[in-house]
1. Per DSSP H run of n ≥ 4, the term is -39500 (n - 2.57); total these for the chain, divide by its residue number, and report the mean residue ellipticity at 222 nm rounded to 500 deg cm²/dmol.
2. What FRET efficiency, computed as 1/(1 + (r/R0)^6) with R0 = 22 Å and r the Cβ-Cβ distance, is obtained for Asn142 and Arg90, rounded to the nearest 0.05?
3. Measure of size requested: the Rg and Dmax of segment 5-157, with Cα atoms as the atom set and Å as the unit; please supply both.
4. Just rank Leu85, Leu140, fewest to most, by other beta-carbon atoms within 10 angstrom.
5. Setting aside same-chain residues fewer than 8 positions from Lys86, which aspartates and glutamates have a Cα under 19 Å from its Cα?
6. Under the rule of at least 5 residues apart or a separate chain, name every residue whose amide H is placed under 5 Å from the amide H of Ser95.
7. If I model a spin label at Val130 and Ser44 as a point 7 Å from the Cα along the Cα→Cβ vector, what separation in nanometres do I get?
8. Hand me the trypsin sites (Lys or Arg not before Pro) from segment 1-104 located in a DSSP loop with no more than 16 other Cβ atoms within 10 Å, in residue order please.
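Read-outs: derived from the displayed coordinates by stated rules, not from any lab. What you see is a predicted model; the values in this text were computed from it and never measured. FYI the Cβ positions are ideal-geometry reconstructions off the backbone, even for glycines, and counts take in every protein chain you see.
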Amino acid sequence: MGGGSNAIGLFTAFLNDDVELVGVEPAGLGLDTPDHAATMALGSPGVLHGMRCYVLQDDAGEPLPVYSIASGLDYPGIGPQHSHLKDSGRVNYQSATDSECIAAFLALSRTEGIIPALESAHAVAYAMRVAPQMTGKRILINLSGRGDKDIDFVAEKLNL
Ligand SMILES: Cc1ncc(COP(=O)(O)O)c(C=O)c1O
């Protein structure tokens with residue numbers, strides 16, 4: 001999730017169903033570094049772009065610089081609906097790092113021939129993390145975009 005529009009588009013169809021909903025935000029280089037955009041994990045309630053929501057902000061309420069390997073995820077806020085769903089506990093918000101994202105990008109490309117956008121690969125990374133502990137359950141991943149746009153970037157980063 002960046003601002004969360006792709007995720008909320010899928011979540012609204014399942015909010016009243018007996019299913020677990022998980023939103024995955026970018027942990028970048030790690031939640032213990034300043035280089036992430038993990039608004040839900042490390043943000044606090046504030047106002048950004050006219051909306052009250054969770055915000056990564058400084059003491060004066062100014063948005064902090066954010067970072068993710070996926071350029072579409074570097075946003076210091078999150079939609080108000082997600083903020084409410086976090087407070088109500090209906091959605092479980094988790095994060096995935098840059099390296100987990102790259103590993104998921106490669107895994108889905110190699111095993112299924114589906115190249116996910118780096119943004120979407122964060123969700124794939126989370127699914128890969130939890131799937132081994134799950135039995136008899138189905139996982140639906142929101143592949144919000146295709147990764148053709150990211151191939152050159154990933155190839156350069158990995159010296160491929
Ligand atoms: C493919 C893709 N998925 C997800 C996002 C994240 O945006 P949002 O969380 O607002 O859906 C972006 C943003 O550019 C994107 O390009």
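1. One gets -10000 deg cm²/dmol as the mean residue ellipticity at 222 nm.
2. About 0.85, to the nearest 0.05.
3. Calculated on Cα positions, Rg and Dmax stand at 15.5, 48 Å.
4. Fewest-to-most ranking of Leu85, Leu140: Leu140, Leu85.
5. Asp17, Asp18, Glu20, Glu25
6. It is Glu25, by chain and number.
7. Rounded to a tenth, the inter-label distance reads 2.8 nm.
8. Taking segment 1-104 and a limit of 16 other Cβ atoms within 10 Å, the loop trypsin sites (Lys or Arg not before Pro) found are Arg90.
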